[in-house]
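Okay, handing you the structure first.
The values are calculated or read from the model by the stated rules, or taken from the named source; none is laboratory data. None of these values were measured; they are calculated from a predicted model. All Cβ positions, glycine included, derive from the backbone under ideal geometry; neighbour counts span all protein chains shown.
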Amino acid sequence: MYLIVSKYLIPKGYRGLTAFPFVFIKYRMDIKNRVFINHEKIHLRQQLEMLVLPFFLWYFLEYLIRLVQFRNRDLAYRNISFEREAYAKESEADYLEKRPFFRFLKYLN
């Protein structure tokens, strides 16, 4: 994992963006935020297990489906299965040590 601080690469309203093997962070102070970094590490694992490109295709398609479903950008984003898993488990420091393969599928409903 490579951490890169750049406020210009992160879309408005977000603090981070992960594109294996990079984690782009908007604010330098977030480098020490363990919960935030763990959230991004969960995305790295998701990307790895899906071989990166399929992750981004799935992410985009699921976002579009959720956008139609919720008619709200933030709700659509928060209900993407990858995000639901990351938000649900970001506070568990040891989550990635015990995380089952393809666990994000549990959050599809």
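Of the residues Ala88, Ala93, only one is surrounded by fewer than 18 Cβ atoms within 10 Å (Cβ to Cβ), among the small types (Gly, Ala, Ser), assigned to a loop (DSSP other than H, G, I, E, B) and on the phi < 0 side of the Ramachandran plot; which? Write out each step before concluding.
Numbers: Ala88 fails: assigned to a loop (DSSP other than H, G, I, E, B).
The conditions single out Ala93.
Glu83 - would you say it is of a type in the set (D, E, K, R), in contact with a His (Cβ under 7 Å, 6 or more places away or on another chain), at pLDDT 95 or above and buried (at least 18 other Cβ atoms within 10 Å of the Cβ)? Even if it seems obvious, please write down each step before you answer.
Details: of a type in the set (D, E, K, R): yes; in contact with a His (Cβ under 7 Å, 6 or more places away or on another chain): no; at pLDDT 95 or above: yes; buried (at least 18 other Cβ atoms within 10 Å of the Cβ): yes.
No; evaluated as a whole, the condition is false for this residue.
Suppose the filter is surrounded by fewer than 14 Cβ atoms within 10 Å (Cβ to Cβ), in contact (Cβ under 8 Å) with a residue 40 or more places away in the chain and assigned to a helix (DSSP H, G or I); does Val35 pass it? Don't jump to the end; show me each part of the working.
Details: surrounded by fewer than 14 Cβ atoms within 10 Å (Cβ to Cβ): yes; in contact (Cβ under 8 Å) with a residue 40 or more places away in the chain: yes; assigned to a helix (DSSP H, G or I): yes.
Yes, satisfied.
For segment 38-80, name all the residues that are of a type in the set (Lys, Arg) and either in contact with a Lys or Arg (Cβ under 9 Å, 6 or more places away or on another chain) or buried (at least 16 other Cβ atoms within 10 Å of the Cβ) (or both).
Step one: list which residues in segment 38-80 are of a type in the set (Lys, Arg), which gives 41, 45, 66, 71, 73, 78.
Of everything in segment 38-80, those that are of a type in the set (Lys, Arg) and either in contact with a Lys or Arg (Cβ under 9 Å, 6 or more places away or on another chain) or buried (at least 16 other Cβ atoms within 10 Å of the Cβ) (or both) turn out to be Lys41, Arg45, Arg66, Arg78.
Say we look at segment 12-32 and pick out the residues that are within 14 Å of the chain's Cα centre (by Cα) and in a loop (DSSP other than H, G, I, E, B); which of these is surrounded by the most Cβ atoms within 10 Å (Cβ to Cβ)? Walk me through it before giving the result.
Here is the first cut: in segment 12-32, the residues within 14 Å of the chain's Cα centre (by Cα) are 14-25.
Subset that is in a loop (DSSP other than H, G, I, E, B): 14-15, 20-21.
Numbers: Tyr14: 10, Arg15: 16, Phe20: 19, Pro21: 11.
Top of the filtered list is Phe20.
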